Amino acid sequence: MLGSRVNKTSILYSALACSLVLNGVLLLNDDSTDELQAASRTTAMQAAETAERSATVHSAVDDVAVAETIPAEPAPRAVSRPEWKIAGGEVNHSLARTLQGLAGDDGDALASVFSRLFVWNLNMTRDLQAGDALAVVWRKLADGLPEIAAAALQSSKLGGTVTTFRWQAPGDPFPSNWHLDGTEVAPRLKKGPITDYEQITSLLKDRPSHKGMDFKTPVGTKVTSPRAGKVTRSNWNWRANGNCIEVRYDDGVLAKFLHLNENLVKAGDRVSAGQVIARTGNTGHSTAPHLHYQLDRGTKTLDPLDYHGTTRRSLDDDQVVALRLAVADFEAMLGDGIAAAQRLAAVVQFDRRDTARD
């Protein structure tokens, strides 16, 4: 860098010196012709141009040297984020058909996620009535599944509107769904087999062929034995169950833990309440990482909600404020969806009255 600045200065001084010498000669020689004066001016201009070109070249070299010495930070990459959508309308048939009308081909998947939010309040098959309205703020994720940020159901059976919002409470490993008063939407098992999970994705009552409760959670999450008991077997019917463990609790109930990634106990082991016995996985007949928890007494399958009992978390006052601030935009969007649903329901009812009069 210093050498290049010295070269620039030397060239400029040389050009000026040449110009002074030529001018001195002209002053001493009165017989100088116009051609000589022109030559002097041309020589001076050429010297100046040479100096300028040299300075430009050295400046470019200096810039390259700086670039090599101080690496430029890479430009930030644009992150593609799917846009949130609002869907709102009157419940005109089943939940799935209603959402098919509002969200097209995504309606079935959206109905599945939506129903998990309100299954704690209603039987989503029997309790929906004509004239009920719903609204949902959602987007489609890269895996093709819908994510719901906010949802509302105006129910005649409940006599009001229930709303839910997705938010990650401080200290929680995953977002959960909350009511605006700070109560968690889904209850939790008392002393259940798993603490850290994203969502309960299946209940015993969802379908007759499914005999357990499913917890969506990443591979490797700790699984504990809720009660003291004895491990009776492991890894039976691997094709369907994958890695699995069966524990007979001291009260005689047989507990099954399926689709595990790692078993930490073996048949014949005695386990205590709260002992870590496995890590969750995605083995066997499983379409996504989760834990299947099943309870049998003889030939009867028990509902874990009834066997364990449930508790529902509540946020403290400061966290309720944080929740409401975090979901304010979604609350406004949800309000727009509810208003649209109500307007649509009013139009439909008006058309029905006109049709009846005709």
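The values are calculated or read from the model by the stated rules, or taken from the named source; none is laboratory data. The shown structure was predicted, so the numbers you read here are calculated from the model rather than taken from an experiment. With ideal geometry, Cβ positions are generated from the backbone for all residues, glycine too; neighbour counts draw on all protein chains shown.
If you scan region 148-199, which residues turn out to be of a type in the set (Ser, Thr, Tyr) and touching a Phe, Trp or Tyr at 6+ places or on another chain (Cβ under 9 Å)?
Of all residues in region 148-199, those of a type in the set (Ser, Thr, Tyr) come to 155-156, 161, 163-164, 176, 183, 195, 197.
Residues satisfying the conditions are SER155, THR164, SER176, TYR197.
Please tell me if ALA151 is without any contact (Cβ under 8 Å) to a residue 40 or more places away in the chain and in contact with a helix residue (DSSP H, G or I) (Cβ under 7 Å, 6 or more places away or on another chain). No, not satisfied.
Looking only at region 154-194, residues that are on the phi > 0 side of the Ramachandran plot, surrounded by fewer than 16 Cβ atoms within 10 Å (Cβ to Cβ) and in contact (Cβ under 8 Å) with a residue 24 or more places away in the chain come to 1 in all.
Close contacts from region 239-264, counting a first residue that is farther than 12 Å from GLN294 by Cα and of a type in the set (D, E, K, R) and a second that is crowded, with 19+ Cβ neighbours inside 10 Å and at pLDDT below 95, with Cβ to Cβ under 7 Å and a gap of 6+ residues or different chains, come to none at all. Figure legend. Inter-residue proximity from region 214-232: first residues under 11 Å from SER272 (Cα atoms) and assigned by TED's automatic domain parsing to the domain that holds SER286, second residues among the hydroxyl-bearing types (Ser, Thr, Tyr) and outside any strand (DSSP E or B), beta-carbon distance below 6 Å, spacing 6+ or different chains. Indicated pairs: ALA228/SER272. If I ask for residues that are modelled with pLDDT of 60 or more and either outside any helix (DSSP H, G or I) or of a type in the set (S, T, N, Q) (or both), which ones from region 328-353 would you list? Answer for region 328-353, where residues must be modelled with pLDDT of 60 or more and either outside any helix (DSSP H, G or I) or of a type in the set (S, T, N, Q) (or both): just GLN342. Listed by position, the strands (runs of 3 or more DSSP E) inside region 233-312 whose residues that are of a type in the set (Val, Ile, Thr) and at pLDDT 95 or above number at least 3 are 276-280.
Just to be sure before I move on: is VAL223 surrounded by 18 or more Cβ atoms within 10 Å (Cβ to Cβ) and under 12 Å from PRO193 (Cβ atoms) in the structure I sent? Let's see the steps before the verdict.
Working: surrounded by 18 or more Cβ atoms within 10 Å (Cβ to Cβ): yes; under 12 Å from PRO193 (Cβ atoms): yes.
Judged against the criteria, VAL223 is a match.
Within region 147-204, the set of residues being within 21 Å of the chain's Cα centre (by Cα), part of a loop (DSSP other than H, G, I, E, B) and not hydrophobic (A, V, I, L, M, F, W, C) comprises GLN168, PRO170, GLY171, ASP172, PRO173, PRO175, HIS179, THR195, ASP196, TYR197, GLU198.
Would you say ARG270 is among the charged types (D, E, K, R) and buried (at least 19 other Cβ atoms within 10 Å of the Cβ)?
Details: among the charged types (D, E, K, R): yes; buried (at least 19 other Cβ atoms within 10 Å of the Cβ): no.
Answer is no for this residue.
Can you say whether VAL185 is touching a Leu at 6+ places or on another chain (Cβ under 9 Å) and under 26 Å from ASN123 (Cβ atoms), as far as the supplied structure shows? Yes; evaluated as a whole, the condition is true for this residue. Among the residues of region 283-308, those identified as loosely packed, with under 14 Cβ neighbours inside 10 Å and out of contact with any helix residue (DSSP H, G or I) (no Cβ under 8 Å at 6 or more places or on another chain) are THR287, ALA288, ARG297, GLY298, THR299, LYS300, ASP306.
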